[in-house]
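The values are calculated or read from the model by the stated rules, or taken from the named source; none is laboratory data. Since this is a predicted model, take the numbers as computed values, not measurements. With ideal geometry, Cβ positions are generated from the backbone for all residues, glycine too; neighbour counts draw on all protein chains shown.
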Amino acid sequence: MSSSPPSPPPRRFTSTSVTADGVALVSLRREPVNTMDTPFWEELLSVLDELEGSFSSKKAEKYSDSSSLSPPRIRAAVFSSGLRRDVFTAGNDVKELYAPMTSRERYQRFWVLQNTFLARLFASPLVTVAAWRGATPAAGCCLGLACDTRIMSSGVENANAAAPHVGLNEVALGIPVPEKWSLLLARVVGVARAERMALFAELLSPQQALECGLVDAVVPDRAALDAAALAAARRALRFPDGGRVATKMRERASFAKEWTEFAPGEALGAWEMLEHPSTVKALGGVIERLAGKKKKSGGGGGEEARSKL
């Protein structure tokens, strides 16, 4: 007696739909600002496992017909924000980095999990596209850097929204840019530009990001962003997977392996820094500032006040 395959775990922070030609549209939906903590990264890794499982499935050939009864073989993934406000993600949750609110073991798990996902995404056989909308600092920026293509919108839908920006701004918060993240940025924009962006916590406008090669295209609004990201994925899918995947592995597999193996040791060293009184003071100040802004704006809850890293 045959049994049906297990259902995927319920998704709390993402939703995924798949087009008829095999493009997975992954929407990040953790209101209000897509705070990236351990459960969030766990879910992203689970989603990636599921998408890559479809790509590599030995039964994928049966998905080549147009039958509505057969799901398409997934060959590409577009990551976008499904938030009401203009934010891709405000970055990592401060509670995962602020020593008084976590522990060495918890931080180690968080850091290794996060970087395992990012390294996996960087070397994924899928075509990957990041659709950046609104604020995209730090970890959200790195998620996009790990994708094949990045597209950003220049407009805002919310009257009080900050102008769209993107970059690795950890230095402004009193912590260093993670080593592999800055190396990945350098692979995209060049060493000199990446070094300046990291050292001075530069957050670029969409036009600045386009000029330095951080993004591949800038579009005016959310609707245009969704359309452009899907079109970018489909352009890549015009070619057979074999040559593209082999080339991607040749160019990226070694760096991805180094990245994954580096993360546990990096976490141990970073924890010593996070425990230092000066770092605790700096991150505590970040939490207070964000909480103050939230109180002033009349917002409720603590998600926004714990992000921005």
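For the condition surrounded by fewer than 16 Cβ atoms within 10 Å (Cβ to Cβ) and either modelled with pLDDT under 95 or within 16 Å of VAL129 (Cα to Cα) (or both), what is the one hit in ARG250, ARG222, ARG238?
Residue meeting the stated conditions: ARG238.
Could you list, in sequence order, all residues of the range 120-142 that are closer than 18 Å to ALA256 by Cα, of a type in the set (A, V, I, L, M) and surrounded by 24 or more Cβ atoms within 10 Å (Cβ to Cβ)?
LEU121, LEU126, VAL127, VAL129, ALA139
Out of the range 219-273, which residues are within 25 Å of VAL166 (Cα to Cα) and not in a helix (DSSP H, G or I)?
VAL219, PRO220, ASP221
Return the residue satisfying two criteria in turn: it lies in the range 140-175 and is more than 30 Å from ARG235 (Cα to Cα) and of a type in the set (A, V, I, L, M), and of such residues it is modelled with the lowest pLDDT.
ALA159
Being surrounded by 20 or more Cβ atoms within 10 Å (Cβ to Cβ) and under 22 Å from LEU290 (Cα atoms) is the filter here, so list the residues in the range 175-197 that pass it.
Passing the criteria: only VAL177.
Can you pull out the residues in the range 22-41 that are in a loop (DSSP other than H, G, I, E, B) and either without any contact (Cβ under 8 Å) to a residue 40 or more places away in the chain or out of contact with any strand residue (DSSP E or B) (no Cβ under 9 Å at 6 or more places or on another chain) (or both)?
Matches in the range 22-41: GLU31 only.
Let me confirm something: among SER46, SER70, which residue is assigned to a loop (DSSP other than H, G, I, E, B) and either at pLDDT 95 or above or touching a Phe, Trp or Tyr at 6+ places or on another chain (Cβ under 8 Å) (or both)?
SER70
When you check LEU214 against the structure, is it touching a strand residue (DSSP E or B) at 6+ places or on another chain (Cβ under 6 Å), surrounded by 13 or more Cβ atoms within 10 Å (Cβ to Cβ) and not acidic (Asp, Glu), yes or no?
Here the answer is no, as LEU214 does not meet what is asked.
Kindly check whether there is at least one residue in the range 101-108 that is within 30 Å of LEU237 (Cα to Cα) and either part of a loop (DSSP other than H, G, I, E, B) or of a type outside the set (A, V, I, L, M) (or both).
Looking for residues that are within 30 Å of LEU237 (Cα to Cα) and either part of a loop (DSSP other than H, G, I, E, B) or of a type outside the set (A, V, I, L, M) (or both), one finds none in the range 101-108, hence no.
For ALA146, state whether it is among the hydrophobic types (A, V, I, L, M, F, W, C) and more than 10 Å from the chain's Cα centre (by Cα).
no
If I go through the range 175-218 residue by residue, how many of them are under 24 Å from LEU268 (Cα atoms), outside any loop (DSSP other than H, G, I, E, B) and aliphatic (A, V, I, L, M)?
Total meeting the criteria: 5.
Return the only residue of ALA123, ALA135, ALA130 being at pLDDT 95 or above and out of contact with any helix residue (DSSP H, G or I) (no Cβ under 8 Å at 6 or more places or on another chain).
The conditions single out ALA135.
Based on what the data block shows, is SER278 small (Gly, Ala, Ser) and without any contact (Cβ under 8 Å) to a residue 40 or more places away in the chain?
no
Within the range 235-250, does at least one residue satisfy the condition of being in contact (Cβ under 8 Å) with a residue 60 or more places away in the chain, touching a helix residue (DSSP H, G or I) at 6+ places or on another chain (Cβ under 6 Å) and under 30 Å from SER56 (Cα atoms)?
Within the range 235-250, none of the residues are in contact (Cβ under 8 Å) with a residue 60 or more places away in the chain, touching a helix residue (DSSP H, G or I) at 6+ places or on another chain (Cβ under 6 Å) and under 30 Å from SER56 (Cα atoms).
Going residue by residue through the range 254-275, is there one that turns out to be of a type in the set (S, T, N, Q) and in contact (Cβ under 8 Å) with a residue 60 or more places away in the chain?
Taking every residue of the range 254-275 in turn, at least one turns out to be of a type in the set (S, T, N, Q) and in contact (Cβ under 8 Å) with a residue 60 or more places away in the chain.
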